[in-house]
């Protein structure tokens, strides 16, 4: 059974939901308070959704300075799987652990709605159990989820297969319909949609299961760095 | 030369109220004491105009754990879980500053719920504005919705539904009501009571500033003067609006729930309207103990605040906890973790003994513990002993003429197709801005008959149960007949719960009315309370909490009476989603429930959306008939509950026939499924748009079996037609393509909001 650390900043609010997704798939979730500086014994890290430190500045701009982020960075550097969901994605981008930036949605309103995602790359911890072109219904829930990056970064993302998920019907103006990206090694992934909210047909969709299963390594072997 | 108004009048107190204060104290009050009475005896805090009427509502049932008068009502939902629910208004703040007004409305209602030890799990927002052709209304809608979205999403409580009503009567006085529901392990229930002489009163959360001073008296308990929009909503009142900080509130929720989990508090109370004076006097009065407050201990946001400002400020995101001195270190440590300020500001003291030898819980405001006493008043006199008014009542003189002018007699003119399209509105533009899914409980979210949630949350024991919530109102009915209108509103709400399989367990209400000094308004209020009482008794429902919002007037014009009800229902087993509106190709569509209204007219149009859009605001409201309603509602709830419990069924879709009538209910099902329907000729044109509760559109793939079950239950069923094709057709009256119906419904709200850019 894997031990998954769910990082909790003051202002996080999806930590219970992320933990529920982990335990539902038979693994163990452990809350990691943002002041912790070690991740000893942790097999994977999830940065959940919410409004870390209130996000009154720019989403994730303060959280990147929380003591735990040093530990997350070191964990990732050794190949440890790290997943940022929504606000967690914003934190990873602010921390420089993922390329690009997230700006306000095209319509300048918060959006909570189901979206259809298309798997564009399977070389990441989040998508390795899915198939290219597979469509997954997963909800979004954000104000600042419009992914952007410069041309050079975009070329690189495409070349390396780092764009892992795209929106079928772009809800927020993201460049190239990008919903989720990975780092070059594939062990750090961020996405704006909430796979933990799509784990049960009672709640509308169980399509998020394949993503979290991949991340937890339930169905496939442990993730090996691409290089 | 005129002399300045006496202080008590400036504070909103009448001359006779000043006399009552002199009697209570046996002396002349000082100016600080007057200020305390000014806020606590305001209409908003004291319910002085409505209290004698509210006593007529039924409040008891075996499952009620906490009834009206506490911060929130609480019921036993089974499986060791209690559910707390509360509804409030934030009308006047939202009229002046829509974003902050609506945001702080959310913040306030959350504190009412977690004060009871419950984790807030859902928020709903019934909203009422003027017509969107007016630019100011569009500004208000955008501000209010983004305020709810900005605060609710950030604080981490899903907003799962509400209502959206547009009517000119709200043009200068919009209504922003907010309901919150939370859950707790039953044994953790706490009440806002101070006890234990020597215990400490600890102020948690934000520092205290000058925002919101007099909010309850200046804003919530007076109308707006000017006749027209912006001018009447004067800037002078803006400083009485509070400013919200959802991040502070989020940490406050987590810290307070942790304090309760660890058993570190004796009692806890939120600071809402009337701030510290309200929280300290209410906890002391409930506990029968005295309270000394050190006004110099309270952390301030700005220098130079006077004691009356500190005591009455409505700065947001503050709680008052009563703790034993031994627990102080643990409380302080926990608050440090959550970055929450915790300050000892008061002490529980023994009650005083008055001249007649009776024990009296005194609230003393002092400069330093043991220092100079700045104010000393009986806590109960502030909290519970405001004068009660039996204000004069009068049925509006013109009401008979209005009722007699009944649109049910009108010859149909124009195109029913156009009439139908005009009535279609999809509120998705609003609810897409709300996080409706947090905590993984939302089985049915916003935009349907009722919201349905799993009864689950952090720290709760496991349960397979579900809870359902619906908010409803019908000011059009209530303007014509507040008694029947309110009774039917309750029925409508119970019917909405049935569509998701839930059985209603409790009612909360938010009574939005005009100026109680107008006898017609008091008559409307009294009638509405009687109607609510009649419906609740008839349907076996307790009222477990409520809020009265008066002075909803502008320029001398009162709003239509707008009693909003919030219904809480429980579903025994929730393992599969209810059928919803999504019918399938080939299904037979049936009307379940009595086809004809209990009324002089078979299909009454008085107070309908159809008639109102034509400027026809008169007519009769159908009678409330508990027995017939209950039979249909129980049957539908049972059919849906069986599906939610995992049993197979021939029922594929369910929709309550509500605002807009049968034609709108059918069109909404066409729109969401993108499947047409072929409906038989109805009895009359009026049947398309008549409104009266207790009717449901259902779809079945085995109509004979369905009719047989309904017959056993004694509930009438009329087959209406068949699902299929790309056209919505009703006899010879309605013929629209699926795309016309869906397109118009989807675009209606956004087009209106974008009307003049």
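The values are calculated or read from the model by the stated rules, or taken from the named source; none is laboratory data. These numbers were taken from a predicted model, which means no experiment stands behind them. Here the Cβ positions follow ideal geometry from the backbone for every residue, glycine too, while neighbour counts run over all protein chains shown.
Observations, loosely collected:
- Test: residue in segment A:42-55 that is in contact (Cβ under 8 Å) with a residue 24 or more places away in the chain, part of a loop (DSSP other than H, G, I, E, B) and more than 14 Å from chain B (Cβ to nearest Cβ): yes
- Residue count for segment B:425-474, restricted to those that are away from every other protein chain (no Cβ under 12 Å) and assigned to a loop (DSSP other than H, G, I, E, B): 13.
- Condition check for residue B:323: more than 14 Å from every other protein chain (Cβ to nearest Cβ), modelled with pLDDT of 95 or more and within 22 Å of residue B:206 (Cα to Cα): yes
- Of all residues in segment A:46-69, those being out of contact with any helix residue (DSSP H, G or I) (no Cβ under 6 Å at 6 or more places or on another chain) and at negative phi number 8.
- Scanning segment B:397-424 for residues that are part of a loop (DSSP other than H, G, I, E, B) and buried (at least 21 other Cβ atoms within 10 Å of the Cβ) gives a single hit, B:424.
- Within segment B:643-661, being part of a helix (DSSP H, G or I) and touching a helix residue (DSSP H, G or I) at 6+ places or on another chain (Cβ under 6 Å) holds for one residue alone: B:661.
- Among the residues listed as B:52, B:109, the single one being farther than 23 Å from residue B:244 by Cβ and in a helix (DSSP H, G or I): B:52
- Matching residues in segment A:175-202 - criterion: being within 17 Å of residue A:49 (Cβ to Cβ) and either modelled with pLDDT under 95 or part of a loop (DSSP other than H, G, I, E, B) (or both): A:192, A:193, A:194, A:198, A:199
- The one condition in (1) modelled with pLDDT of 95 or more; (2) buried (at least 20 other Cβ atoms within 10 Å of the Cβ); (3) over 17 Å from residue B:508 (Cα atoms); (4) over 16 Å from the mean Cα position of the chain (by Cα) that residue B:79 fails to fulfil: (2)
- Any hit, segment B:664-676, residues being buried (at least 24 other Cβ atoms within 10 Å of the Cβ), in contact with a strand residue (DSSP E or B) (Cβ under 8 Å, 6 or more places away or on another chain), modelled with pLDDT of 95 or more and part of a strand (DSSP E or B): no
- Here residue B:373 qualifies as more than 14 Å from every other protein chain (Cβ to nearest Cβ), in contact with a strand residue (DSSP E or B) (Cβ under 9 Å, 6 or more places away or on another chain), without any contact (Cβ under 8 Å) to a residue 12 or more places away in the chain and not in a loop (DSSP other than H, G, I, E, B).
- Answer residue from segment A:30-41, given it is more than 24 Å from residue A:142 (Cα to Cα) and touching a residue at least 12 places away in the same chain (Cβ under 8 Å) and is nearest to the other protein chains (Cβ to nearest Cβ) among those: A:35
- Single condition residue B:285 does not satisfy, out of (1) buried (at least 22 other Cβ atoms within 10 Å of the Cβ); (2) under 28 Å from residue B:103 (Cβ atoms); (3) modelled with pLDDT under 95; (4) in contact with a helix residue (DSSP H, G or I) (Cβ under 9 Å, 6 or more places away or on another chain): (2)
- Residue A:67 meets each of the listed conditions (1) surrounded by fewer than 16 Cβ atoms within 10 Å (Cβ to Cβ); (2) closer than 21 Å to residue A:138 by Cα apart from (2).
- Top-ranked residue of segment A:20-29 - restricted to ones that are within 24 Å of residue A:53 (Cβ to Cβ) and either without any contact (Cβ under 8 Å) to a residue 24 or more places away in the chain or at the interface with chain B (Cβ under 9 Å from one of its Cβ atoms) (or both), ranked as surrounded by the fewest Cβ atoms within 10 Å (Cβ to Cβ): A:20
- Among residues of segment A:61-93, those that are within 20 Å of residue A:192 (Cβ to Cβ), touching a residue at least 40 places away in the same chain (Cβ under 8 Å) and outside any helix (DSSP H, G or I), counted: 6
- Failed item in (1) part of a strand (DSSP E or B); (2) within 14 Å of chain A (Cβ to nearest Cβ), with residue B:545 passing the rest: (2)
- For segment A:177-194, the set of residues classified as more than 12 Å from chain B (Cβ to nearest Cβ) and either in contact with a strand residue (DSSP E or B) (Cβ under 7 Å, 6 or more places away or on another chain) or free of Cβ contacts under 8 Å to residues at least 12 places away in the same chain (or both) consists of A:177, A:178, A:179, A:180, A:181, A:182, A:187, A:188, A:189, A:190, A:191, A:192, listed by residue number.
- If the condition is being within 12 Å of residue A:191 (Cα to Cα) and more than 14 Å from chain B (Cβ to nearest Cβ), then segment A:127-161 contributes A:127, A:146, A:147.
Residues are listed down the side, and each one gets a yes or a no for (1) touching a strand residue (DSSP E or B) at 6+ places or on another chain (Cβ under 9 Å); (2) modelled with pLDDT of 95 or more:
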| residue | (1), (2) |
| --- | --- |
| B:702 | yes, yes |
| B:712 | no, yes |
| B:720 | yes, yes |
| B:731 | yes, yes |
| B:734 | yes, yes |
| B:742 | no, yes |
| B:745 | no, yes |
| B:750 | no, no |
| B:756 | no, no |
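- Among (1) in a helix (DSSP H, G or I); (2) surrounded by 18 or more Cβ atoms within 10 Å (Cβ to Cβ) - the single one residue B:537 does not satisfy: (2)
- Residues (in a loop (DSSP other than H, G, I, E, B) and under 17 Å from the mean Cα position of the chain (by Cα)) located in segment A:126-148: A:126, A:127, A:128, A:129, A:130, A:143, A:144, A:145
- Counted residues, segment B:26-49 - those being assigned to a loop (DSSP other than H, G, I, E, B), surrounded by 22 or more Cβ atoms within 10 Å (Cβ to Cβ) and more than 21 Å from the chain's Cα centre (by Cα): 1
- Filtered residue count, segment B:119-151, keeping only those that are outside any helix (DSSP H, G or I) and either away from every other protein chain (no Cβ under 12 Å) or free of Cβ contacts under 8 Å to residues at least 60 places away in the same chain (or both): 13
- Residue check, residue B:161 more than 14 Å from the chain's Cα centre (by Cα), buried (at least 24 other Cβ atoms within 10 Å of the Cβ) and either within 13 Å of another protein chain (Cβ to nearest Cβ) or touching a residue at least 24 places away in the same chain (Cβ under 8 Å) (or both): no
- Out of A:5, A:96, one residue alone is outside any helix (DSSP H, G or I), more than 14 Å from chain B (Cβ to nearest Cβ) and surrounded by 24 or more Cβ atoms within 10 Å (Cβ to Cβ). It is A:5.
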